[in-house]
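Since the structure comes first, as structure tokens, the remarks are kept for the end.
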Amino acid sequence: MTTTLIAALDVDSIEKAFNIVEKLGPTVTWYKVGKQLFTRFGPEIIRGLKSRGKKVFLDMKFHDIPNTVGQAVRSAAAIGADMCNVHASGGPSMLKAAAEAAKETGIIVTAVTVLTSLDETELNAVGINATPAEQVVRLAKLTKECGLNGVVCSALEIPLVKQACGDDFILVVPGIRPAGSAKGDQKRVMTPGEAAKAGAQFIVVGRPIIAADDPAAAAAAVNAELASNA
Ligand code: C5P
């Protein structure tokens, strides 16, 4: 299986974003646009990426009533996003509405199971009496049953989700650190090669590429590591 790099465009201006895209050139095809950039610059950033021949993962983690989420997924597809995501905890009706919009438009929709910032105490505080791992598996299975394409999960959850949902289910994995790079605020990390071996279809890498002295070289090194572990 091949693992594809998605570079996270976690910057605060459109100029910085396109400067990174220019620097990375053909080395990176997929970009993740998140709440910071999209809330401020909106579809312009997506149009700019598409006009440069790039693929876009719009990371807005939709969570709302089914009709609103279905229409938000259609809107993401309409502005050119190739992938977007929702919160699996929005429930079966919401997930099915998202899946229907995905089938209609062709956009890939994945679901966030449990945010990695939530531990068991935080889950208990919102009324969920399960460990994060139990909840991840429950929500990944629900996501699959409702017809979505896959989940966003941490590297350490890959085996659990694979076991529960099979090999065709897409896993988008952040928290990736090439050997020797700074962890930043990420605590539980995997190298690109380890994530590829574990079976991630996509890895999301931000700071190790966009904050590198030579972003293109950093991205090329990640791609080489993915290729040698395919
Ligand atoms: O810079 P870094 O490689 O840590 O960036 C990872 C990206 O993936 C960020 O945009 C971050 O918000 C996102 N992400 C994450 N962990 C999750 C979900 C998303 O790091 N569990």
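Arrange the residues 59, 119 by how much accessible surface each exposes, largest first, with a 1.4 angstrom probe.
119, 59
Which order do 105, 116 take when ranked by solvent-accessible area (1.4 Å probe, heavy atoms of all protein chains), largest first?
Greatest to least solvent exposure: 116, 105.
Compute the projected area of the convex hull of the Cα atoms of segment 141-230, averaged over all viewing directions, and report it in nm² to one decimal place.
On the way: hull surface 23.7 nm².
The number I arrive at for segment 141-230 is 5.9 nm².
Which sequence of 29, 191, 39, 113 reflects their accessible areas, 1.4 Å probe, from the largest down?
Values: 29 65, 191 30, 39 110, 113 10 Å².
Descending order: 39, 29, 191, 113.
For segment 175-222 and segment 57-75, what is the separation of their C-alpha centers, rounded to whole Å?
Going from one Cα centre to the other spans 28 Å.
How large is ³J(HN,Hα), in whole Hz, for each residue of segment 87-98 in order, when computed from phi with the Karplus curve 6.51 cos²θ - 1.76 cosθ + 1.60 and θ = phi - 60°, using x for Gly and Pro?
Values per residue, Gly and Pro as x: 8, 4, 6, x, x, x, 5, 5, 5, 5, 5, 5 Hz.
To one decimal place, what orientation-averaged projected area in nm² is obtained for the convex hull of the Cα set of the chain? Please report the intermediate quantities before stating the final value.
Numbers: hull surface 47.1 nm².
For the Cα atoms of the chain, the hull's average projected area reads 11.8 nm².
Along segment 67-80, what does the Karplus equation 6.51 cos²θ - 1.76 cosθ + 1.60 (θ = phi - 60°) give for ³J(HN,Hα), rounded to whole Hz, x for Gly and Pro?
4, 5, 5, x, 5, 5, 5, 4, 5, 4, 5, 5, 8, x
Using a 1.4 Å probe on the protein chains only, how many percent of the accessible area of the chain belongs to carbon and sulfur?
Numbers: 5430 of 10560 Å².
For the chain, the apolar C and S fraction of the accessible surface comes to 51 percent.
Counting only C-alpha contacts under 8 Å and six or more residues apart, can you give the relative contact order of the chain as a whole percent?
For the chain, the relative contact order is 21 percent.
How much mean residue ellipticity at 222 nm does the chain get from its helices, if each DSSP H run of length 4 or more adds -39500 (n - 2.57) and you divide by all residues, to the nearest 500 deg cm²/dmol?
-13500 deg cm²/dmol
On average, how much accessible surface per residue is there in the chain, in Å², for a 1.4 Å probe, leaving out ligands, DNA and RNA? The partial results should precede the final answer.
Numbers: 10560 Å² over 230 residues.
For the chain, the solvent-accessible area averages 46 Å² per residue.
Name the residues whose placed amide hydrogens come within less than 5 Å of the amide hydrogen of residue 150, ignoring near sequence neighbours (fewer than 5 apart) on the same chain.
111, 170
With 31 Å as the limit, write out which pairs from 103/183; 16/103; 16/141; 23/162; 32/187; 23/141 have Cα-Cα distances beyond it, or answer none.
Check vs 31 Å cut-off fails for 103/183; 16/103; 16/141; 23/162; 23/141.
Collect residues whose amide H, placed 1.01 Å from N in the peptide plane, falls under 5 Å from the amide H of residue 62; neighbours closer than 5 in sequence don't count.
Distant-sequence amide H within range of residue 62: 85, 86, 87.
Per-residue HN-Hα couplings for segment 35-40, Karplus 6.51 cos²θ - 1.76 cosθ + 1.60 at θ = phi - 60°, whole Hz, x for Gly and Pro?
3J(HN,Hα) across segment 35-40, in whole Hz: 4, 4, 6, 6, 4, 8.
The values are calculated or read from the model by the stated rules, or taken from the named source; none is laboratory data. If you're wondering where the values come from, they're calculated on a predicted model, not measured in any experiment. Accessible surface areas use protein heavy atoms only, side chains included; no ligands, DNA or RNA. Shrake-Rupley method; radii C 1.70, N 1.55, O 1.52, S 1.80 Å.
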